[in-house]
Amino acid sequence: MESFPVFINIKDKPITVIGGGDIALRKVKLLIKAKPKITLISKTICKDLKELLVEYNHKIVIKSFQEKDLKNPLLIVSATNNIKVNKKISKIAHQKNILINVVDQPELCSFTMGSIVERDSLVISISSGGKAPVLVRSIREKIEALIPQSYAELVKFAGNLRSIVKKKIQSGVKRRIFWEDFFKSDYIQNFILAPEKLNLRLFNKILLGMKNKKTGEVYLVGAGPGERDLLTIRALHLMQKCDVCIYDNLVSKDILEMVRRDADIVYAGKKQDQHTLSQDKINMLLIKFAKQGKRVLRLKGGDPFIFGRGGEEIESLMKNKIPFQVVPGITAANGIASYSGIPLTHRDHAQSCLFLTGHLKDGVINFDWPKLVVDNQTLVIYMGLLSMKELVDNLVKHGMLKKMPIAIIESGTTSKQKVVTGILSNIKLKVDKAKIKSPALIIIGTVVSLRNKLNWFK
């Protein structure tokens, strides 16, 4: 983000506009809506602009611009067609720390005016920093179509009732939840269709329900294998809704960026053998925040129920009578295998697939090895990188061919994805050479040999 979006209250504030043509007219039409005190400076001024300024009682100065004309305005808009003059004005403004917008010259600006969608007090601004104005206009058109004019009345209605809600609901968290529930209710849809039927009945019903609500809710959400575009729509919805987010190590920074910005973020750790918080402490945190009336997002890499210990957390929540939801995620096996060009099952190679974890509760790999050494079967091992040598040695010991294909995938589905393939007998050397690090997934089976043909993600 190169520019920080800010809404400035310019009502009754001094604004200087330099230029008297059509471009200046366009900018003044926008500015007037915010009710500033405009001083326009130009040797010539078009008829429509002059009439507009006179109508709204703004000041017109018919002369060429000079530095002394800048009497500490809040901001300046330079709308001349003279590049040299625009550069001069920009330089002066920057020296005096006055906000400056030079029309169609973003490199000279300290602020730019976005394309605006307006519904009275509801204002949406879209900007590309001057890089793609046509794209911005296209986006504006889409937003215009999505937001009916009746939203202006809705904003007024909500504004008039803010004090009532604040008086009846003391908790800031609960007030926000109330408004979120209210704006997503059937009431809003009815209001949009028929704003003249505005009444307080449903409003008071929702308000009473929130006032009496004592417990929050926990969302156990699968964040998928790494790439944020693989999040489910439901997951994204709850990520934007939560008050607290407790996340694991496998959740990427890109995905965390999509959590509601003012939510409290708590890192639960959960690296192999390096637990920042024990599972018991995580369970206690979920219960603690929920009992405070907060909506708690438990964000896990992959799927909560596949080596994610979601079952243990649900047991704790149920014991304490905490409401919860579970949102499945694309588990690492499915997502990473797909992005690596390795089908987990294939008519000619594998009719079954086993998901295994290389990090068991007692810290020891203790599989039923003979059942793993089966023809036409794919093995997927989570968290197995550190114990890979022991894993390979035991598979060979119990009859698996040394030439069995194997793949190790680091940071699967992301731009940092790294795939190393080989056979059981040489994979350790290849992994060491490639410096593969956790998190990594292991896939074993003849399906790995298909990667050369099916690899699509590069």
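Taken over segment 397-423, the residue count meeting the criterion of being farther than 17 Å from ILE342 by Cα and either touching a strand residue (DSSP E or B) at 6+ places or on another chain (Cβ under 7 Å) or among the aliphatic types (A, V, I, L, M) (or both) is 4.
Checking each residue in segment 324-338 for being crowded, with 19+ Cβ neighbours inside 10 Å and in a loop (DSSP other than H, G, I, E, B) picks out GLY329, ILE330, THR331.
Answer yes or no as to whether ASN9 is part of a loop (DSSP other than H, G, I, E, B), surrounded by fewer than 19 Cβ atoms within 10 Å (Cβ to Cβ) and at negative phi. If you could, list the steps in order and put the result at the bottom.
On the way: part of a loop (DSSP other than H, G, I, E, B): yes; surrounded by fewer than 19 Cβ atoms within 10 Å (Cβ to Cβ): yes; at negative phi: yes.
Considered against the rule, which asks whether it is part of a loop (DSSP other than H, G, I, E, B), surrounded by fewer than 19 Cβ atoms within 10 Å (Cβ to Cβ) and at negative phi, ASN9 comes out as yes.
Per the conditions (1) surrounded by fewer than 15 Cβ atoms within 10 Å (Cβ to Cβ); (2) part of a helix (DSSP H, G or I), the sole criterion not satisfied by ARG175 is (1).
Yes or no: LEU231 surrounded by fewer than 22 Cβ atoms within 10 Å (Cβ to Cβ), touching a helix residue (DSSP H, G or I) at 6+ places or on another chain (Cβ under 8 Å) and at pLDDT 90 or above? Considered against the rule, which asks whether it is surrounded by fewer than 22 Cβ atoms within 10 Å (Cβ to Cβ), touching a helix residue (DSSP H, G or I) at 6+ places or on another chain (Cβ under 8 Å) and at pLDDT 90 or above, LEU231 comes out as yes. Of all the strands (runs of 3 or more DSSP E) wholly in segment 30-137, which have at least 3 residues that are modelled with pLDDT of 90 or more and either loosely packed, with under 15 Cβ neighbours inside 10 Å or out of contact with any Asp or Glu (no Cβ under 6 Å at 6 or more places or on another chain) (or both)? So the answer is 37-42, 59-62, 75-78, 99-102, 122-126.
Against the test of being surrounded by fewer than 16 Cβ atoms within 10 Å (Cβ to Cβ) and either of a type in the set (Phe, Trp, Tyr) or more than 30 Å from LEU450 (Cα to Cα) (or both), the options LYS294, LYS321 yield a single qualifying residue, LYS321.
Cβ separations smaller than 9 Å between residues 6+ apart or across chains give the following pairs from segment 150-164 residues that are farther than 10 Å from LEU122 by Cα to residues that are hydroxyl-bearing (Ser, Thr, Tyr): GLY159/SER121. For ASN190, the stated conditions do not hold, so it cannot be described as assigned to a loop (DSSP other than H, G, I, E, B) and either in contact with a Gly (Cβ under 7 Å, 6 or more places away or on another chain) or modelled with pLDDT under 80 (or both). The set of residues in segment 307-318 being crowded, with 22+ Cβ neighbours inside 10 Å and part of a loop (DSSP other than H, G, I, E, B) consists of GLY308 alone.
The values are calculated or read from the model by the stated rules, or taken from the named source; none is laboratory data. The structure displayed is predicted, hence computed values, not measured ones. With ideal geometry, Cβ positions are generated from the backbone for all residues, glycine too; neighbour counts draw on all protein chains shown.
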